[in-house]
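Down below is the structure, laid out as C-alpha cells.
Read the figures in this text as sums done on the coordinates, not as results from a lab. In this text, all values refer to a predicted model and were calculated from it rather than measured experimentally. Virtual Cβ from ideal backbone geometry, glycine too; neighbours counted across all protein chains shown.
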Amino acid sequence: MALFRVRAGAGILLATVAVVSLAQTPPLPLSATASDPVKLELMQGSPPPADKQITFQNGGQFPNLRWTLQHMRELVPSRNVWRGAGGAAELPRAERDWSGFAFEDDRGQRVGIDAYAERSYTDAIVVLHKGRVVLERYWTGMTPNTPHAVFSVTKSLTGVLASQLIAEGKLDPNAKVSSYLPELAGTAWDDATVQQTLDMTAGVKFREDYADPTSEVIQYAISSGLVPMPPTWSGPRDTITFLKTLKKEGEHGAGFAYKTVHSEIIGWLVHRVTGKPFSQNLSERVWSKMGAENDASINIDRLGFESMGSGFNATARDLARFGEMLRNDGQVGGVFSRQQLVSKAAVEMIRAGGDREKFKAGNQAARPGYSYRNQWWILHNADGAFEASGIHGQYIHVNPKAEVVIVRLGSTPAAANGPLHGLHMRAFQAIADNLR
C-alpha cells in the first residue's frame, strides 16, 4: 500500500508518522474486518503485549491507526472543549429497519449499510432526519461516548467561528490578515485578505504532499508536534514560528488551493479578535449550549497553540448535533426554547458557496461542481448540501432540502478522501432519498 500518499489531503496529525520514515515498506492494507482493533486485541491487557502496544511513534501506522483515532488524547497533548454544566439535549429516536436498504456504487453493484461500512473502513455513522436519529451504528470498538479524531472537519468548525465574528462585525473579511496579525508582515499573508484565506485562494508556497519528506506539510507537522521530531531537526518547533516562515506564491484570489495552514491562520485570527482560543470560543458559543453529551478536545503544540486545521476530537452524536444546529440556521431547541447559537447570516454566508470557477484550480477531481466557502465544501446540488470533511473518512454532511444530517467517521488506510469520496456521496444521497 502507498501509505498516506496524498497531494490535496486534509490535515495530518499522526497520519503523517509513516511518511517521516519512507525507508520502511508498509504491508498491504488489511480489510476493515481484519484490521478491527478489537479483533486484533490492540492495547488490551495490563500491560498490553509488546506487539500490541501503540505509542506516539507507531500510532499512525495502519492498522494501529484504527485504534489511534479513538484515543488521540492518550498520545497527543490536547485542550478540553467543555460541554457545559447543563444536561444533554435529547436526540429523539425514530430508527428504521435498514436491512433492505441498498444503493448502487460506482461499480454498478448494490451495497447495503454493512457492506458500505466494510468497504469504507467505517467506525461510526449517525443519521438524523428532522432532528431524529434514524440510523446509528458503531464498529471497531466505538460507542456513543467515544471521541474520534475528525482531522479537517476541524477547519469547518473554525470557519463557523470566523463567519460568526464577520456577522457580528468583529472581523472584516476584506481587511488584510496582517492588519490583525502584524506578526505576519512579510509572509504569504501580508497582503492577503481574511476572505481569501477563509476560501483558500490566498497564494502561499506550501506543498500538501504527504509522501515527500521535504514538503512543507511535513515540516508543519514536525514543527507543530503532530509527529515525532527527527533527532537532526533544526527547523521551527512550534506552529506560529513555522507559519511566519511561509512566503507568497502566485496571486492572491486567483484560484482555490487546499492548504491546511490557511485554517491555522483563521484560527489565530479568531483567537486574536476575541482574546480567547478556539477551545473556549467553541465551548462558550456552541458546545456548552447545544446540549452536547460529552466534552470534546483539540490538540495543541508545545506552546499551547491549538491545531485549528486538523486537531478536533468529538463523538459522532455531538457532531450530529452541531450539523443539526447548522441545518436549522444556527438554532437549537424546541419551538418554545429556541436559542440562536450561530447567526442565520453566518450560516447563509457559508451555504452561499464560493467561486466554482476558481475552485477548478484546486485539482479536486473527486469533487466536480463543488466550491469552497469559509472552510466548508459546498456541493451545489439540488438539495443545497454542504459538508465538513477530513482525511481517513470524516464527514458532517448537511442536506437542507431532505432535512438530513449525516455524520460518518472512519479510519481508512490512506490519508486521502478522494478514492472513496464518490462512494460516500452515493451513500449519503441514497440515504437522504430514502428518507424523503
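See the values below:
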item: Cα centroid separation, segment 253-328 to segment 114-134 (Å); result: 23 Å
item: DSSP-assigned coil residues among chymotrypsin sites (Phe, Trp or Tyr not before Pro) in segment 325-376, each with at most 13 further Cβ atoms within 10 Å; result: F336
item: Prolate/oblate/rounded label for segment 282-399 (Cα gyration tensor, a/c 1.5); result: oblate
item: Contour excess over end-to-end distance, with Cα ends at M229 and K401 and 0.36 nm allotted per residue; result: 57.2 nm
item: Segment 147-222: C-alpha gyration tensor shape, a/c 1.5 cut-off, then a/b vs b/c; result: oblate
item: Eligible lysines near K39 by straight Cα distance, threshold 28 Å, same-chain separation 8 or greater; result: K52
item: Inter-probe distance in nm under a simple model that places probes 7 Å from Cα toward Cβ, at T55 and T245; result: 2.6 nm
item: For Rg/Rh (Cα atoms, Kirkwood Rh), calculated from these coordinates, the label among [x] 0.94; [y] 1.15; [z] 1.08; result: [x]
item: Approximate shape of segment 55-137 as ellipsoid semi-axes (Cα gyration tensor, √5λ), whole Å, largest first; result: 30, 25, 8
item: Aspartates and glutamates with Cα under 13 Å of K358, excluding same-chain neighbours fewer than 8 positions away; result: D199, E251
item: Violating pairs (Cα-Cα greater than 29 angstrom) within the set K155/K276; K170/K401; K289/K360; result: K170/K401; K289/K360
item: For segment 180-289: rounded, prolate or oblate by the Cα gyration tensor [a/c cutoff 1.5]; result: oblate
item: Relative packing of peptides 66-72, 136-142 - highest average C-beta neighbours within 10 Å first; result: 66-72, 136-142
